[in-house]
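Heads up, the thing below is written out as structure tokens.
The numbers here are math on the coordinates, done by the rules we state, and not lab data. A quick note: this is a predicted structure, and the numbers were derived from the prediction, not measured. Here Cβ is always computed from backbone atoms with ideal geometry, including for glycine, and neighbour counts include all displayed protein chains.
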Protein chains: 2
Amino acid sequence: MWTVIVWPLLCLASAVFADDVFKKNIKERNYLLQKELNMMLGNDIVLSDSEDQANKIIMKLKNNELDYGFNNPQYFNYSKHFFEYKDDIKKSELFKLIKDMPKGAVLHAHDTGILSPDYVLSLTYWDDLFVCFEEENIHFLFSLELPKLPCKTAWQLMKHARYSSGNVKKFDAELRKHFTLVTKDPNQVYTDINVVWSKFQQYFITTSSLFSYKPIWEKYFYDTLKALRDDNVMYLEIRSVLPTLYDLDGNKYDAIDTAASYKKVLDTFLEVYPDFYGAKLIYAPLRFVDNKTVKEYLKIAKELKNKFPDLLAGFDLVGQEDLGVPTKEFLQVLSEASDEFEYFFHAGETNWYGTSSDENIVDAIVLKARRIGHAFAIVKHPLLMEEAKERDIAIEVNVVSNTVLKLVEDIRNHPLAVFLSKNLPVVISSDDPGLWEADPLSHDYYITFVGVASRHADIKLLKKLALNSLYYSTFPHKDKLIHEFEIRWTKFIDTIVQDHW
Amino acid sequence: MWTVIVWPLLCLASAVFADDVFKKNIKERNYLLQKELNMMLGNDIVLSDSEDQANKIIMKLKNNELDYGFNNPQYFNYSKHFFEYKDDIKKSELFKLIKDMPKGAVLHAHDTGILSPDYVLSLTYWDDLFVCFEEENIHFLFSLELPKLPCKTAWQLMKHARYSSGNVKKFDAELRKHFTLVTKDPNQVYTDINVVWSKFQQYFITTSSLFSYKPIWEKYFYDTLKALRDDNVMYLEIRSVLPTLYDLDGNKYDAIDTAASYKKVLDTFLEVYPDFYGAKLIYAPLRFVDNKTVKEYLKIAKELKNKFPDLLAGFDLVGQEDLGVPTKEFLQVLSEASDEFEYFFHAGETNWYGTSSDENIVDAIVLKARRIGHAFAIVKHPLLMEEAKERDIAIEVNVVSNTVLKLVEDIRNHPLAVFLSKNLPVVISSDDPGLWEADPLSHDYYITFVGVASRHADIKLLKKLALNSLYYSTFPHKDKLIHEFEIRWTKFIDTIVQDHW
């Protein structure tokens, strides 16, 4: 009789206990997920009612795209090569919104890699351009007479070459290939990282005498500023090797003159477009050099700082890190100059874990870099990630560049996903968008938002990324910049709500 | 006069200051790098003099391989598809050492995916096997008479089909293709994750009636244990769906009988090879089900626990997470049973950040999983990584599996690199090595060591990974296991030193 009463009670107790466990687990589950959401970049942003409405519209578009990809991975573009889906992106309604979105600043871009191959092609229609076609390479030179520079075949006027080719369309199409990395079957053409870097660097070599013709140099920069403004960017910090410029009269212009050109163009641009907030220069010469040359670089930097205190943001070294000289080789020289310049070093644009290029990140940190270019590899350095966060060193992430230059294939594996999850100080930039025929900034934002970030990441992330690009800039009056950004942002939000509600 | 004296002093002071900055930076650089090295998995291991000598040998081999790849990325295999380099690995001297190395336990493997396609092919030579060739699929059945099961063409004796084909070699080569994922041009054949998963799951469907013939089932498991032992593994925890077995007399054997078969084979094996330390079973049925079925699974699990308390390690659910039912759907049922079973859930074998398959990781954690299978996506969950570490939940990483099943291309981007850098409780395993024609464990160790881990990671990592596989096992007398491991390890070290010094 006793057991008859006790057994059901025991069973009941056990069921109650089991139910308690379930409730506890559900509670813990929700707590952990919510806490993680709160840790993400952007989750300190508080949305207004209008932003909340706009967010719903944006998230509906984002989730539709993700659902479609999740259910049909064969059509999920972002796991493929950028060249295979870059044109599809333009059809996305969400992409159009992101184009319209005020995106703050571009803080990591190289001055001669921003505009499209069509634009570069149009420059070859300028008068007085000579060309030398060699088997693999092309040389350009603006000149009033036949150039005396070495040419394995023969110099000829571009105009002559083009119109004597018999087929201008075909001629231009062939020529255009030198101004882009975009190709069919990219995975078969670019079989390893050195192959794509070689083509990438060849672009800069090929175009150097085209761009360093002073009138073109100035035109290219003016049109860069215009392209950024058109892409809803309000401010720029641009890296340049500051090449020697030339003109038709045989004059040569050194790095200081080249910077002066930038200053002049910028002033003109700001007169025409006073709603643009300006540009600064990061002097960033090549890293394949010795200490003596770095000292010379720093001397030039010092002169730039004296002559153009408002223009110069600071100093960097560029070139493929795996093949270049590691920063630690220059540590003494760079340490000695560290109180004179802001540093913006490229570091860790590699996936060779534990090598000297991987460890360039630590040098950037001890040299008190204000921002680090790429830092792709920092994800494998938990301590350096903490240090970057603590010292508030921004990471300039260029997702499209990293996939085109073969650091990562499926963009969902880009370490940016980790940076966002840990609320690292990230700014999104575009590196050399002209070479992959992307918009100056919008493609990088779009892919970050839809391809890399969590499905839960919403308009707060987009706003924070734009704000970060202003906050981590060296613009002297950030209050004004951010005030203006807020005005534009509110307008953007209102337009979304009006158009979609 | 005054300035004549003071200026040089000021210059000197400035030079001294600059030199101080450099010294400070160098010190800080070394401190940060060293601190990070100390944080890595394995850096608590203290090496004996012999281990130190062996380490030098191993690191010389490793660095030579890495240098070659760094200088010639076109030949750096681990950035390519595993199928393109798996045969090259066998030529590596370092790989031979890793094969000889005692590697502890295999803790994440599926029972019918371990042995090679050649082995599976050999099983088709057994008597009484019937076959039905359909356009895309093959069906097998052992039987004394013509099977009555549906077949779109016609059942025939395998022997007859093979020898009437006119070309046995070609026949076998075609047949073998059903038992492997390995193919030429894998990136063109497996265009997205669902394509490769579909072929992967088709293997298990095709082979099911072959393997579930009771004599083959027992033979396959015996030979699995042998293959593991040959690969210097001393203990196994194997996942099984525990299918219904059959024999020629028309008998059917349910999950409990299937487990009994394992027990019987294991006992026999341990009699023949008393130096092997045994095996346990993780009952891991398919996750494409409803709550009612999960309850039935758990009932079976309970019966297994009662009948074979020493054999059953615990419970899991298997199948492609993105397409299966998320764990949270079963949270109540699994919570209710959580005090009865150890859990070893697959979770986060996805790169869809923020989706329900991604969030299976949090369910595994709140359900107090003892280990998590894959947890590939946990890298994007900083809080869950901390929780896993704090609660000492091991992560069962299967690098080769993850690259073959298209979660990551360049293995250097595998999140394992991050796990190692943060000293997460990692165990290395192999999932289904037969399907990619890899060794039972050595390929995963080798690729982890050379392809994924830091260049600085040395023998301490290798030893720690092997020790972790024992420590995070459910073997009841770990002291004995680890004692035996240490004996074998010392022998291994002595042999390296003798052979290479």
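For the range A:17-76, the residue among A:Gln74, A:Asn63, A:Met39 whose Cα projects farthest onto the positive side of the dipole built from Cβ charges is A:Gln74. Shown in residue order for the range A:418-424 are the 3J(HN,Hα) couplings computed by the Karplus curve 6.51 cos²θ - 1.76 cosθ + 1.60 at θ = phi - 60°: 5, 4, 5, 5, 9, 6, 6 Hz (x for Gly and Pro).
Would you work out if chain B is rounded, prolate or oblate? Take a ≥ b ≥ c from the square roots of the eigenvalues of the alpha-carbon gyration tensor; rounded if a/c is under 1.5, else prolate when a/b is larger than b/c, oblate otherwise. Walk me through the numbers on the way to the answer.
Values: a/c = 2.00, a/b = 1.81, b/c = 1.11.
Taking the square roots of the gyration eigenvalues as a ≥ b ≥ c, chain B is prolate.
3J(HN,Hα) along the range B:376-385: 3, 7, 5, 4, 8, 10, x, 6, 5, 5 Hz, from the Karplus curve 6.51 cos²θ - 1.76 cosθ + 1.60 with θ = phi - 60°, whole Hz, x for Gly and Pro. Between B:Tyr163, B:Pro150, B:His139, the Cα set farthest toward the positive side of the dipole of the range B:120-179 (charges on each charged residue's Cβ, about the Cα centre) is that of B:Tyr163. In percent, rounded to a whole number, the relative contact order of the range B:120-179 is 36, using alpha-carbon pairs under 8 Å and six or more apart.
Would you list A:His108, A:His483, A:His414 from fewest to most Cβ contacts within 10 Å? Provide the component values of the computation, followed by the final result.
Details: A:His108 30, A:His483 10, A:His414 25.
Ranking A:His108, A:His483, A:His414 by Cβ neighbours within 10 Å, fewest first, gives A:His483, A:His414, A:His108.
Relative to the other identical copies, A:Lys368 shows label-point distances of 5.2 nm, where the label point lies 7 Å from Cα along the Cβ direction and values run shortest first. Under a 5 Å amide H cut-off, with hydrogens placed 1.01 Å from N, B:Phe130 pairs with B:Leu141, B:Phe142, B:Ser143, B:Met158 among residues at least 5 apart or on other chains.
For the listed peptides B:434-444, A:115-125, B:229-239, a ranking on the average number of other beta carbons within 10 Å per residue, highest first, reads B:434-444, B:229-239, A:115-125.
What's the exposure ranking of B:Ser261, B:Ser430, going from fewest to most Cβ atoms within 10 Å?
Details: B:Ser261 17, B:Ser430 30.
Going from least to most buried by this count: B:Ser261, B:Ser430.
In nanometers and ordered shortest first, the copy-to-copy spacing of the A:Asp392 label point, defined 7 Å from Cα toward Cβ, is 4.1. Couplings 3J(HN,Hα) for the range A:36-41, derived from phi with the Karplus relation 6.51 cos²θ - 1.76 cosθ + 1.60 (θ = phi - 60°), are 5, 4, 5, 7, 5, 3 Hz, where x marks Gly and Pro.
Assuming charge only on the beta carbon of Lys and Arg (+1) and of Asp and Glu (-1), the dipole of chain A about its Cα centre is about 520 debye to the nearest 20.
Under 1.5 on a/c is rounded, so check that first for the range A:120-179, then, if it is not, pick prolate when a/b is larger than b/c and oblate when it is not; a ≥ b ≥ c are the square roots of the alpha carbon gyration tensor eigenvalues.
Numbers: a/c = 1.58, a/b = 1.31, b/c = 1.21.
The shape class here is prolate.
Of all DSSP-defined beta bridges confined to the protein assembly as shown, some 30% are antiparallel rather than parallel.
Amide H contacts of A:Thr350: A:Phe376, A:Ala377, each under 5 Å away and 5 or more positions distant or on a separate chain (H built 1.01 Å from N in the peptide plane; Pro and chain starts excluded).
By the count of neighbouring beta-carbon atoms within 10 Å, fewest first, A:Lys148, A:Lys56, B:Lys264 end up ordered A:Lys148, B:Lys264, A:Lys56.
Work out the mean other chain Cβ neighbour count within 10 Å for the residues of A:77-84 and drop it here as an integer. Please list the in-between numbers first.
Details: counts 0, 0, 5, 2, 0, 0, 0, 0.
Averaged over the peptide's residues, the number is 1.
Rounded, prolate or oblate, given the Cα gyration tensor of the range B:266-336, with a/c below 1.5 counting as rounded? It comes out prolate by the Cα gyration axes. Taking every C-alpha pair closer than 8 Å and separated by at least 6 residues, the mean separation divided by the residue count of chain B gives a relative contact order of 22 percent.
In nanometers and ordered shortest first, the copy-to-copy spacing of the A:Gly250 label point, defined 7 Å from Cα toward Cβ, is 10.8. Using Cβ point charges alone (K and R +1, D and E -1), the dipole size of the range A:120-179 about the Cα centre works out to roughly 180 debye. Put a plus charge on the Cβ of each Lys and Arg, a minus charge on the Cβ of each Asp and Glu, and nothing anywhere else: the dipole of the protein assembly as shown about its Cα centre is then about 40 debye.
To the nearest 500 deg cm²/dmol, what mean residue ellipticity at 222 nm is calculated for chain B from DSSP H runs of n ≥ 4 alone, each contributing -39,500 (n - 2.57), summed and divided by the residues? Display every interim value, and only then the final one.
On the way: 20 runs with 251 residues, N = 501.
Rounded to the nearest 500, it is -15500 deg cm²/dmol.
Taking the charge dipole of the range B:180-297 about its Cα centre, with +1 at Lys and Arg Cβ atoms and -1 at Asp and Glu Cβ atoms, the residue from B:Tyr246, B:Trp217, B:Thr191 reaching farthest to the positive side is B:Thr191.
What full-extension length gain, to one decimal in nm, is calculated for A:Gln34 and A:Gln201 as 0.36 nm per residue of separation minus the Cα-Cα distance? Please list the in-between numbers first.
Values: separation 167, 0.36 × 167 = 60.12 nm, distance 4.53 nm.
The A:Gln34-A:Gln201 span can extend by a further 55.6 nm.
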